[in-house]
Amino acid sequence: MLSPFVFKAFKSKSFWREVLTVKALLIWLAVLMTSIPLAGYADTDDELAVPDGPVILTVTGNIDHTNVASEAQFDRAMLEALPQHEFDTSTPWTEGISHYRGPLMRDLLARLDAQSDAVHVTALNGYEAEIPVSDFETYDVILALEKDQKAIPIREYGPLWVLYPFDQDEALLSEKIRFRAVWQVMHIDVR
């Protein structure tokens, strides 16, 4: 049988408040302890989803993350899910200044954990170009998905265009860089 002092302690509000506080702290501690080991995995989700829509880009070569055999295939939604970068620029092939948007090439390669000094880009019309990865580190080169807030049609250099911010640096106006700005991109091989 409980003594009157102990029984009175169980009835007090402060006793139950302390019990609930201790329980809450223990639950918080348990959640914290189980989530710390998982925290490192949040940014390193290696899984690359399989495309739901039509594949508009295939990346092959020296990449660690694939989704179809040894390739990384992307539909438009998957490319739009990558962090987007935008800039206004004129180009040697278009009239005036336009607004372009798409993932940075360096972000695309980082997502695939690509290891290379160069990529080989192939267009729908068979044009090919070798682009040093250092270009993507030096400049904010994007894989343009949009021009003036609209998807880029094939007849206007789309659906994907390796695009340099030509108006941001005079060095980008060279013929060498122009040959690297591949439009109608369909395949990237990381070499």
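The values are calculated or read from the model by the stated rules, or taken from the named source; none is laboratory data. Because the structure is predicted, anything quoted here is derived from the model rather than measured. FYI the Cβ positions are ideal-geometry reconstructions off the backbone, even for glycines, and counts take in every protein chain you see. Please note that ligands, DNA and RNA were not included when accessible areas were found on the heavy atoms of the full protein model with its side chains. Shrake-Rupley method; radii C 1.70, N 1.55, O 1.52, S 1.80 Å.
Of the residues R191, R178, the single one that is out of contact with any strand residue (DSSP E or B) (no Cβ under 6 Å at 6 or more places or on another chain), surrounded by fewer than 18 Cβ atoms within 10 Å (Cβ to Cβ) and touching a residue at least 12 places away in the same chain (Cβ under 8 Å) is R178. Just for region 53-65: of the residues that are in contact with a helix residue (DSSP H, G or I) (Cβ under 9 Å, 6 or more places away or on another chain) and not β-branched (V, I, T), which one is most open to solvent (accessible area, probe 1.4 Å)? Among them, the one singled out is P54. In region 79-127, of all residues being of a type in the set (G, A, S) and touching a Gly at 6+ places or on another chain (Cβ under 8 Å), the one that is nearest to V162 (Cα to Cα) corresponds to S90. Restricted to region 66-83, and to residues there that are out of contact with any helix residue (DSSP H, G or I) (no Cβ under 9 Å at 6 or more places or on another chain) and among the hydrophobic types (A, V, I, L, M, F, W, C), the residue that is least open to solvent (accessible area, probe 1.4 Å) is M78. Considering every residue within region 37-52, establish whether at least one is open to solvent by less than 60 Å² (accessible area, probe 1.4 Å), out of contact with any Asp or Glu (no Cβ under 7 Å at 6 or more places or on another chain) and either at pLDDT 95 or above or assigned to a helix (DSSP H, G or I) (or both). Checking region 37-52: not a single residue is open to solvent by less than 60 Å² (accessible area, probe 1.4 Å), out of contact with any Asp or Glu (no Cβ under 7 Å at 6 or more places or on another chain) and either at pLDDT 95 or above or assigned to a helix (DSSP H, G or I) (or both). Strands (runs of 3 or more DSSP E) fully within region 56-162 that include at least 2 residues being touching a residue at least 60 places away in the same chain (Cβ under 8 Å): 84-89, 98-103, 118-123.
Restricting to region 100-135, what's the tally of residues that are over 14 Å from the mean Cα position of the chain (by Cα) and open to solvent by less than 50 Å² (accessible area, probe 1.4 Å)?
Going residue by residue through region 100-135, those that are over 14 Å from the mean Cα position of the chain (by Cα) are 100, 115-135.
The next check asks that each one be open to solvent by less than 50 Å² (accessible area, probe 1.4 Å); those that pass are 100, 116, 118-123, 126, 129, 131-133, 135.
Looking only at that region, the number is 14.
Can you say whether D135 is closer than 19 Å to L109 by Cα, among the charged types (D, E, K, R) and modelled with pLDDT of 95 or more, as far as the supplied structure shows? Walk me through how you get there before you give the answer.
Working: closer than 19 Å to L109 by Cα: yes; among the charged types (D, E, K, R): yes; modelled with pLDDT of 95 or more: yes.
Here the answer is yes, as D135 does meet what is asked.
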